[in-house]
1. Do we have VAL150 as more than 18 Å from TRP28 (Cα to Cα) and open to solvent by 30 Å² or more (accessible area, probe 1.4 Å) here?
2. List the pairs whose first member sits in segment 40-59 and is over 13 Å from ASP91 (Cα atoms) and touching a residue at least 40 places away in the same chain (Cβ under 8 Å), whose second member is aromatic (Phe, Trp, Tyr) and surrounded by 19 or more Cβ atoms within 10 Å (Cβ to Cβ), and whose Cβ atoms are under 7 Å apart, counting only residues at least 6 apart or on separate chains?
3. Name the pairs: first residue in segment 166-177 and at pLDDT below 90, second residue acidic (Asp, Glu), Cβ to Cβ under 8 Å, at least 6 apart or on different chains?
4. Please tell me if LEU221 is aliphatic (A, V, I, L, M) and under 26 Å from SER55 (Cα atoms).
5. Restricting attention to segment 215-250, and to residues there that are among the β-branched types (Val, Ile, Thr) and open to solvent by 60 Å² or more (accessible area, probe 1.4 Å), which single residue is nearest to ALA190 (Cα to Cα)?
6. Please state which one of PHE82, PHE97 is modelled with pLDDT of 90 or more and either under 17 Å from ALA182 (Cβ atoms) or open to solvent by less than 80 Å² (accessible area, probe 1.4 Å) (or both).
7. Checking ALA264 against (1) under 24 Å from ARG128 (Cβ atoms); (2) touching a Lys or Arg at 6+ places or on another chain (Cβ under 9 Å), which single condition isn't satisfied?
8. Filter segment 27-49 for residues that are open to solvent by 40 Å² or more (accessible area, probe 1.4 Å) and not basic (Lys, Arg) and give the result.
Amino acid sequence: MTSVNDRVPARFPVRVSARFRHLLAAEWIKLWSLRSTYWVLGGGALTVIGINVNSAASNADRLAHQQLPPEPGGPSRPEFLFDPMHTAFVDPAWQLFMIIAATVGGIAVFGEYSSGLIRTTFAAVPDRQAVVAAKVTVMSAVMLALGTLVSGTSFGVTQMLLKEYGGLSLSDPGALRAVAAAALLAPLCALAGMAVAAVVRHAAGSIVTVIALLLLLPALLQGERYRWVREIGNAMPLSAWKRLVTNPVRAHDLGTFPLTVTEAWIVYGAWTTLAVATAVLVVRRRDV
């Protein structure tokens, strides 16, 4: 008695579904096959670390040559003259890092659509949800590793330079939280870039949209006059990151309607979940 497979001609081989580990390997190869990936991630990481280290070195040099008489009844220690934690998380540096992470995440999606490779991918693996899951897994892992490297190096080097002027360690209040929040910012922005690229499917349009979403929109929603405006601004990743990297001793400078630490972590989780859900839903329902 012959089986079904025995009756199938050799020119019509039975398709074997790809396992998830095969999809992960394929997405890993796609990501690193682009020469720009090395330059963008490597150059971006060095730039962010360099800006933060330069800030710490400048503050250390200023404090070494500064001779300020103590204010009557006020603190005379140099660590009260500036925030040492801020030197590891300088706003322009990390905003640049957000753009880099979001752009790399977007390239992983719109790159395939613009080149037509996405048709080949879905022809080989009809399970679109599995393809997106593999992309999300690889991108999240790479960006988490990069974010951890940049965040840990920035904090370690800057605080070493400021060790004589109030430099912090990971055991100090808020330090470990700040390092973790900065590390997690990279995968969050990369996933946001993937979601936007899945919707827009155009290189320039995706990059402009994600920059506007992550950086420009929060800047427009920072007013203190209307609470509802501020609350919307607090729901943005940039606002959540700023809250999480704020030194606890500076918490009183957060404005009229500040985020709590718990709310900031909720924003992180909500944006990550929304980005992944958007990418999966759009890719599953829209034609290539």
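The values are calculated or read from the model by the stated rules, or taken from the named source; none is laboratory data. All of these numbers come straight from a predicted model, not from anything done at the bench. Note that each Cβ is placed from the backbone with ideal geometry, even for glycine, and that neighbours are counted across all protein chains shown. Side chains are part of the model used for accessible areas, which takes the heavy atoms of the whole protein and leaves out ligands, DNA and RNA. Shrake-Rupley method; radii C 1.70, N 1.55, O 1.52, S 1.80 Å.
1. no
2. Sorted first by the residue in segment 40-59, then by its partner, the pairs are GLY44/PHE97.
3. GLY166/GLU79
4. When the stated conditions are applied, LEU221 does not pass them.
5. So the residue we want is ILE232.
6. Residue meeting the stated conditions: PHE97.
7. (1)
8. Listed by number, the residues that qualify are TRP28, ILE29, TRP32, SER33, LEU34, SER36, TYR38, TRP39, VAL40, LEU46, THR47.
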